[in-house]
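See below for the structure under consideration.
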Amino acid sequence: MESQSRPCPSCAAPVPGAYCGACGERLLGADELTVRAQLAQLVNGLFNIDGRVLRSLFTLGFRPGGLSYDYCRGARVKHLKPVQVFLLANVAYFLLQPYTGFNTFRSTLTLQIEQQLYSEQLAELVRARLAASGESLADFAVRFDARADSYARSLLILLAPLYAVALWALDLRARRRTFVEALVLATHFVAFMLVYNYLLGLNAVRMAIDFGLPSYGEITGSMVTLPILWLWCTLALRRFYELSSARAAARAAVITGLLLPIVVLYRFVLFWITYWSV
Ligand SMILES: [Zn+2]
């Protein structure tokens, strides 16, 4: 074995395999510095990334909590990092959300001043402002919605720490996981919510409505998305915190129920940020 090891080009330690055990350097292969080998590596790299993306999305949806569990026990090469999963979900959401017909995190001006608990007051505010400036509601809505979109992308990032605090508080007495670990699970939870609930789930709801399912607006959407979210959350908490099914289900109900006040708060904050900047 000793005769087969080569000196590491970076630190000179003997290297028996492909990677230096002392500094982590990867040793060059025999023909590696040829154009052909480089192209092959590039292609391989692209497919590899692709494989990781698909595998991460699959695990996110169908092995609830699996991404977080593996990440926190240190098994990290097979999947994207939590932040990458979140960014992927975020981009996918804003790209594909218009096709679902639901505006959960997008929150257009119409939705804000017509369909919220606080709509009446805001509608009055907007009317007064337009009366003073002479701008039409349609023109204002176009400007408002474009700006709201760009803020929504950033504001969505706040959902993960918000849920992390909730997860951490629920785990406070047992302290099975640190806050950072809770943040990892919360990040995956929000990513799941965006991709599987608000893209795939709501798209299915919209198609069902097209085929005759009676629609009560956002309530119909919630009737589908909340049970899915609760089920995912139960399985994820059971795996991640090693809880019994009953305890996991009860905590999942708390986490899922939080979505309603969080969405209201989120939209309200988004309205004001947007309103003061357009
Ligand atoms: Zn080395």
Given Leu162, Leu125, Leu130, which one is surrounded by fewer than 19 Cβ atoms within 10 Å (Cβ to Cβ), aliphatic (A, V, I, L, M) and under 22 Å from Leu202 (Cβ atoms)? Leu162
Look through the range 145-192, keep the residues that are hydroxyl-bearing (Ser, Thr, Tyr) and touching a helix residue (DSSP H, G or I) at 6+ places or on another chain (Cβ under 8 Å), and return whichever of them is nearest to Leu259 (Cα to Cα). Tyr163
Which residues, taken from the range 217-240, are more than 28 Å from Ser107 (Cα to Cα) and buried (at least 23 other Cβ atoms within 10 Å of the Cβ)? Thr234, Ala236, Leu237, Phe240
Across (1) buried (at least 21 other Cβ atoms within 10 Å of the Cβ); (2) in contact (Cβ under 8 Å) with a residue 40 or more places away in the chain; (3) not β-branched (Val, Ile, Thr), Tyr118 clears everything bar (1)
Consider Arg106 carefully, then state whether it is of a type in the set (Lys, Arg), in a loop (DSSP other than H, G, I, E, B) and within 30 Å of Leu202 (Cβ to Cβ). yes
Among the candidates Leu226, Leu200, Leu213, Leu237, which residue alone is under 22 Å from Leu117 (Cα atoms), in the same structural domain as Leu185 (by TED's automatic domain parsing) and hydrophobic (A, V, I, L, M, F, W, C)? Leu226
So which helices (runs of 4 or more DSSP H) stay within the range 1-100 end to end and still have 3 or more residues that are more than 30 Å from Ile228 (Cα to Cα) and either under 37 Å from the mean Cα position of the chain (by Cα) or within 16 Å of the ligand (Cβ to nearest atom) (or both)? 35-62
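The values are calculated or read from the model by the stated rules, or taken from the named source; none is laboratory data. Every value quoted in this text rests on a predicted model; they were computed, and no experiment measured them. Heads up, the Cβs are rebuilt from the backbone with ideal geometry, glycines too, and the neighbour counts pull from every protein chain shown.
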